[in-house]
1. Out of the residues in region B:371-386 meeting the condition of being more than 7 Å from chain A (Cβ to nearest Cβ) and of a type in the set (Val, Ile, Thr), tell me which one is nearest to the chain's Cα centre (by Cα).
2. Within region A:462-483, can one find any residue that is in a strand (DSSP E or B), within 13 Å of chain B (Cβ to nearest Cβ) and among the small types (Gly, Ala, Ser)?
3. When region B:410-427 is examined, which residues are found to be among the hydrophobic types (A, V, I, L, M, F, W, C), within 10 Å of chain A (Cβ to nearest Cβ) and either on the phi > 0 side of the Ramachandran plot or touching a residue at least 40 places away in the same chain (Cβ under 8 Å) (or both)?
4. Residues A:Asn454, A:Asn474, A:Asn447: which one is among the polar types (S, T, N, Q) and crowded, with 21+ Cβ neighbours inside 10 Å?
5. Is it the case that region A:252-265 has a residue that's surrounded by fewer than 18 Cβ atoms within 10 Å (Cβ to Cβ) and without any contact (Cβ under 8 Å) to a residue 40 or more places away in the chain?
6. Only one of A:Pro426, A:Pro431 is over 30 Å from the mean Cα position of the chain (by Cα), more than 14 Å from chain B (Cβ to nearest Cβ) and modelled with pLDDT of 95 or more. Can you tell me which?
Amino acid sequence: MTDDFTFKGVYPALVTPFNKEGVNEKQYRGLINHVIKSGATGIVPCGTTGEFTSMSFDEKVNAFRIACDAAKGRVPVMAGTGAASTREAIQLTRRAAEFGASAALVVTPYFLKPSTKEIFEHYERIANASDIPIFLYNIPQVTGVNIDWWLVDGLREIDGIIGMKDSSANLLNLTTILVRRPDTFQVVIGHDEVALPALATGCDGAILLSANIFPDRYIRMQAALARGDLKDGLIIQRGLQKTIRLMVNKGGGLAVKAALNMMGIPVGTARAPLIEGDSLRYEDIDELRTCLEDLQLIKRGPVKFKMGDKTLIAESYPKANGMVPEVIDDLTLLHGEALAGEGLEVAHVDLVMGLRDGPLKEALAAAGTITDDFHASNIIKDLDPTTVFVSTVTIVDEKHNALVYEVAQKAVADAVTRTITDMIIPEELIPDLVIAANVFVHPSANNPKRVHINNFRAVRHAIRRAIERRQDVNEIVARKDSARHPFAYNP
Amino acid sequence: MAKYEPKGVMPALVTPFTKDGDIIEEGFKDIIDYTIEKGATGLVPAGTTGEFVYMRTEERKKLFKMCVEFADGRVPVVAGTGETSTDATVKMTKFAADIGCDAALVISPFYLRPTDKGYYEHYEAVARKGGLPVIMYNIPQCTLGVLQSNIVEDLAELDNIVGIKDSSGHIGHTLELIQKLDGKIPVLIGHDECFLSAVAAGSSAAILASANVMPHIWLDIMDKVRKGDMKNAAKLQLSVQTFARIVTRNGGAPPVKAALRMMGINAGYSRMPLNSGGTLTHELRAEIQIELEKLGLIEALTHPKATKDIDIHAVLGKFGVGPDYLQDAGIGKGSEDTVSVAIVTGPKHSALGSAFVKLLVNPRVGHEALTVILEPNLPVRPTSIMVPIKKIKSMRQASLFYGPVQSGAARAVAAHLKNGKVPDQAIIDNVMIMALDIDLNSRNRRQVTAATERVVSAALGQIWK
């Protein structure tokens, strides 16, 4: 039994690429190469992000084999060998050791919630039967079981248990664990959103889902903290916060896979029951895409816009893999819809765009005119391309009026401007293009900042969806029965 | 003096406030008269539904006085005398005793909340010193603390403790109390949604928010259970279930007050911060109205049925889209009693593309077009909008149209796509406009969704065979 394993740096909790047969070895190796090249100091196959509960025993063993072989001589492997039953966890740990894993990450038993006595015995048995050192893994959000600091007091005395990953984001419990541990017990943070405070308060490293994407940034964070530069660490964490908040809270591995696919690192889709458009909502996918653009992780390239016989080219279009057609062949009339946000400040936008001399003529003709019993619309001042703002809600009071005609209108203008700076629209096309946005602001909305953010997002997404013709017919057909219109149900 | 025994159904009286926050005495009296006339067996002023946390000590005292005066001996008054501190609770209970209240409803201390021993000593003090029979009150949704059954069992031994009101909505907890107390003191059900289950299991009285509105229905259910007519008891409970759910899950007082106002009783408004339309939204008011109509508590307006054969040219003409726009468009129609549709579709380069834009960005008031979506962020192809033929004047209409109708229409299109019935060229090139009419008497949204899917499917079948 060897206990000489020291956790250093940042390990990604690898997503698992699947194909019909099982683990997609080619994509898995591709991903492992990507993370090692990007600075990962180790890898974790079959963690929570790796959808280990959607894998058979043999598939997990196969994943260990591939991971150990692909990482060999470069970085250590910490295999996710936890299971609901003690017996299976022991067997998985043995198999991981055979392939050369350096350590095992063992999640607490889940679903049937054992008592602390039984949790203690579970770990004792696994450690006794294992040739490689064990890390405890606490993730109460999904297991329903929490490892309290006073339980760690006992567990860390067990021979072979040398450390712990805490994904709870409960800094109270984590801090107590850190204060009470001897130097020999290693503690790593497993929750991306609190990586900085956890590392700053004494964690030895991190195992993170977003380290599939940018492990280097966490390595730099750790280095900054090691030299006492909290400010640098803070800058790094804050730069990632929105991206990781989306991924952690909207599907986990499902979201990480979506991100990697968009970046051109193919990892396939998650296994059912996880599907895109569900916990990772359509608006989250679009938002995640813009976050990755901000981090310069989305490739840019040309997209052709056909305008009669002319072809205009957006040279630096942000081409999230799999979302963007090479050619936009008809600019007569593009139609997009988007909802963003929730509650009373929700934004729901219907948007049409197209060439000035096409059907959008109707929008230009109606703008600024007042016809009895028809909603008025206006062209937004000082904005290119020409944009018609339409509010179809009946104004109830002055506050509502301001939210519609000041806040939401400004949001539309900001989103159109942002689309131009996003380089979505070829410059020569701008004078010929007209956009019209139908905006709805709830009469009871209150919070101007959220009204702005939600309408900004919705318009930005609607423009892209109109151009890229999303969602596609396959998605419409696939979700015919499971789609849930929020207002279609009885109260 | 005979010991007070809670029984029957008592309203947790709302406290009517003006929009400025003053108590409306007349309204308070009207609610008391109405509920007693409908059979209420007691009155509970200054409970959770009475917004007691928004009232100062003196106001609560005034409210108790009013309640005793207006009740005029017709039914007992159970005063909500709970405060956060034990001393204040004892004082308030003494006051209620002095002015002639019959019992006190005492909420478990909240915000700074004790654990078990503290609860025991709190209730013991109130029972010993308050001078009134005490009903303990468990509502963990608000207090964040639970009165566990072992504490309640111990307290039930005290002379002046005469009941426990459980509003937890946790039927396991309610039944635990009924079982362990074993008739020693009654368990009053305080959660409208769980009324039947609790009464059937042995709860012998109730204090309910919705008993401001419909005490007679609750009493009827109780009566049926006692006679062993479970089938009709269940039928009645389920008929009020939606209203009960609306009340318990939307702040209690605001929906109850809205319902009473609709019934012509001046129940006023809630006090800040519960009064700005964040809790009681326009949409929720529309739902309350539908439920009251269903229960026969207010008169229902009757609406015309859906138009059978929609003249799409005439309809769109009224929205500024004349016949010129519709040349070469494919037309399909479908109709049932609940919903009917006419669909036009054609290439976006044709005049129909202009009609599409015009209807969307220059809509007639009350006839606003919306994208046809399976759910938000999942619109159908070919690119489609839908327009209501009847003017949308109320939230009720809006809630039928921009929900079930939208969903049903989208499902029909998706089904046609799935069956390969829409030509590839049309998926890319076409725009589609659906004009829809609905029977506004419809109340069941699932049926509206299904009917819309059928009629839109029939209409699409005429266009793409």
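The values are calculated or read from the model by the stated rules, or taken from the named source; none is laboratory data. All figures in this text were calculated on a predicted structure; none of them were measured in a lab. Positions of Cβ are generated from backbone atoms using ideal geometry, with glycine treated the same way; all protein chains shown enter the neighbour counts.
1. Step one: of region B:371-386, the residues more than 7 Å from chain A (Cβ to nearest Cβ) are B:372, B:382, B:384-386.
Restricting the remaining residues to those that are of a type in the set (Val, Ile, Thr) gives B:372, B:385.
Details: B:Val372: 28, B:Ile385: 32 Å.
Top of the filtered list is B:Val372.
2. no
3. Selection gives B:Ala412, B:Val413, B:Ala414, B:Ala415, B:Val422, B:Ile427.
4. Every option except A:Asn454 fails the conditions.
5. No.
6. Details: A:Pro426 fails: over 30 Å from the mean Cα position of the chain (by Cα).
None of the other options fit; the residue is A:Pro431.
Residue-wise test of (1) surrounded by fewer than 17 Cβ atoms within 10 Å (Cβ to Cβ); (2) free of Cβ contacts under 8 Å to residues at least 24 places away in the same chain; (3) of a type in the set (Gly, Ala, Ser).
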| site | (1), (2), (3) |
| --- | --- |
| B:Ile31 | no, no, no |
| B:Lys38 | no, no, no |
| B:Thr48 | no, no, no |
| B:Phe52 | no, no, no |
| B:Lys62 | yes, no, no |
| B:Cys67 | no, no, no |
| B:Asp72 | yes, yes, no |
| B:Ser108 | no, no, yes |
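Conditions (1) farther than 27 Å from B:Gly21 by Cα; (2) of a type in the set (A, V, I, L, M); (3) surrounded by fewer than 17 Cβ atoms within 10 Å (Cβ to Cβ), marked per residue:
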| site | (1), (2), (3) |
| --- | --- |
| B:Ile185 | yes, yes, no |
| B:Ser210 | no, no, no |
| B:His216 | yes, no, yes |
| B:Ile221 | yes, yes, no |
| B:Arg226 | yes, no, yes |
| B:Ile246 | no, yes, no |
| B:Ala253 | no, yes, no |
| B:Ala286 | no, yes, no |
